[in-house]
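Participant: First, the structure itself, so that you have it in front of you.
The values are calculated or read from the model by the stated rules, or taken from the named source; none is laboratory data. Computed from a prediction, not measured in an experiment: that's the story for all the values here. Cβ coordinates were reconstructed from backbone atoms using ideal geometry, including for glycine residues, and neighbour counts include every protein chain displayed.
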Amino acid sequence: MKIKQRLYQFKAEGRAILAANFYNFETLSGILQAAHELNEPVMLQLSESSIRYLGLHVATSLARAGLEQYEVEGWLHLDHGSSPEMAEACLKAGFDSVMIDGSEKPFGENIRITRKVVQMAALYGANVEAELGFIPKLGQESDNDGFTSPQQAFDFISATGIDALAVAIGTAHGFYKEEPKLDLERLSSIAAITSIPLVLHGGSGIPDKMLREAIKRGITKVNLATDSKNAFMKELKNVLYNTDEIDLRKTFPRATDAVKNLIINKMQLVSMTQLEF
Ligand code: 13P
């Protein structure tokens, strides 16, 4: 099934799909083992820096081969694409879905580049996510004035024809210094006047109940990156600290397991329907 249809299905069921970033074979494997075990679909996300690290061809092939090997229903998604050119390169490489992030550009310019990607993606039958409002990236301070306006969200969706919208409601990428405060009323207002799936960026470190409430109020895709990196590196450091083993095939699996366990928990949490929670 195409990711577009799957997102609408999840939206109708009042649950969310987990969109997990991967960085190497080990993190990919942890994510796919979790999805396989739960028999849940997953979106595999690559940021531009991960694409630079792995190489576009290797990254794409790794994800495709992984989905097949672990028998998981999944889609490959470009996370925070910074230009139509980057989105096009990923579409050509076979991505199912791309994000064009013009959120830090003026409203008109965000519309212009997003429309361009929507037109391009239509040729590939691919899904397009865009962002409106300010969701702090790593190293950026949060700013409540940057929250998504419901009316602007409506106008932006009508003007661009996107498939999914990332909203700024108080989440941020990376570690939170203190418990995040989500503007859930705003989320409800955005959900009330829009009909496409809404995306929550900055999924790491959000308390379970808060995440469920966001899903209840209209979030259909939850992005998770920092928690996976952290789980992987913490466990890897722990293993390396306690052994002189140089066979990486014996040391990495414990870190992979840490990612797997984290993803199992998050996936169970976001993919439950409201009745199951
Ligand atoms: P975190 O790194 O905070 O989990 O955010 C992930 C994300 O939103 C990727 O776009």
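Participant: Would you be able to say whether some residue in region 3-19 is assigned to a strand (DSSP E or B), within 25 Å of residue 251 (Cβ to Cβ) and within 16 Å of the ligand (Cβ to nearest atom)?
Facilitator: So far as region 3-19 goes, no, none of its residues is assigned to a strand (DSSP E or B), within 25 Å of residue 251 (Cβ to Cβ) and within 16 Å of the ligand (Cβ to nearest atom).
Participant: Answer yes if at least one residue in region 25-35 is among the small types (Gly, Ala, Ser), more than 16 Å from the ligand (Cβ to nearest atom) and surrounded by 24 or more Cβ atoms within 10 Å (Cβ to Cβ), and no otherwise.
Facilitator: Yes, because at least one residue in region 25-35 is among the small types (Gly, Ala, Ser), more than 16 Å from the ligand (Cβ to nearest atom) and surrounded by 24 or more Cβ atoms within 10 Å (Cβ to Cβ).
Participant: Take region 110-140 and flag every residue that is in a loop (DSSP other than H, G, I, E, B) and either of a type in the set (D, E, K, R) or within 15 Å of the ligand (Cβ to nearest atom) (or both).
Facilitator: 133, 134, 135, 136, 137, 138, 139, 140
Participant: Among the numbered criteria (1) within 17 Å of residue 105 (Cβ to Cβ); (2) touching an Asp or Glu at 6+ places or on another chain (Cβ under 6 Å), which one does residue 120 miss?
Facilitator: Going through (1) within 17 Å of residue 105 (Cβ to Cβ); (2) touching an Asp or Glu at 6+ places or on another chain (Cβ under 6 Å) one by one, residue 120 breaks only (1).
Conditions tested, residue by residue: (1) under 30 Å from residue 161 (Cβ atoms); (2) buried (at least 18 other Cβ atoms within 10 Å of the Cβ); (3) at pLDDT below 95.
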{"site": "180", "(1), (2), (3)": "no, no, yes"}
{"site": "192", "(1), (2), (3)": "yes, no, no"}
{"site": "208", "(1), (2), (3)": "no, no, no"}
{"site": "221", "(1), (2), (3)": "yes, yes, no"}
{"site": "235", "(1), (2), (3)": "no, yes, no"}
{"site": "273", "(1), (2), (3)": "yes, no, yes"}
{"site": "276", "(1), (2), (3)": "no, no, yes"}
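Participant: Still on this structure: Can you tell me which condition residue 140 does not meet? The list is (1) surrounded by fewer than 20 Cβ atoms within 10 Å (Cβ to Cβ); (2) touching a strand residue (DSSP E or B) at 6+ places or on another chain (Cβ under 9 Å), and all the others hold.
Facilitator: (2)
Every residue, every condition in (1) of a type in the set (A, V, I, L, M, F, W, C); (2) under 21 Å from residue 124 (Cα atoms), yes or no:
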position: 12; (1), (2): yes, no
position: 22; (1), (2): yes, no
position: 34; (1), (2): yes, no
position: 44; (1), (2): yes, yes
position: 54; (1), (2): yes, no
position: 64; (1), (2): no, yes
position: 90; (1), (2): yes, yes
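Participant: A further question on this structure: Where residues in region 147-180 are β-branched (Val, Ile, Thr) and out of contact with any His (no Cβ under 9 Å at 6 or more places or on another chain), which of them is nearest to the ligand (Cβ to nearest atom)?
Facilitator: Across region 147-180, the extreme among qualifying residues is 169.
Participant: Next question, about the same structure. Could you pull out the residue among 82, 97 that is of a type in the set (S, T, N, Q) and in contact with a Gly (Cβ under 9 Å, 6 or more places away or on another chain)?
Facilitator: After ruling out the rest, the residue left standing is 82.
Participant: Any residue at all in region 181-193 that is farther than 20 Å from residue 145 by Cβ and within 15 Å of the ligand (Cβ to nearest atom)?
Facilitator: For region 181-193, residues farther than 20 Å from residue 145 by Cβ and within 15 Å of the ligand (Cβ to nearest atom): absent.
Participant: Go through 219, 215 for me and flag whichever is of a type in the set (Val, Ile, Thr), out of contact with any strand residue (DSSP E or B) (no Cβ under 7 Å at 6 or more places or on another chain) and within 16 Å of the ligand (Cβ to nearest atom).
Facilitator: Criteria check complete, one pass: 215.
Participant: Also, quick follow-up: Tally the residues that are closer than 16 Å to residue 197 by Cα and among the hydrophobic types (A, V, I, L, M, F, W, C), restricting the search to region 110-158.
Facilitator: Qualifying residue count, region 110-158: 9.
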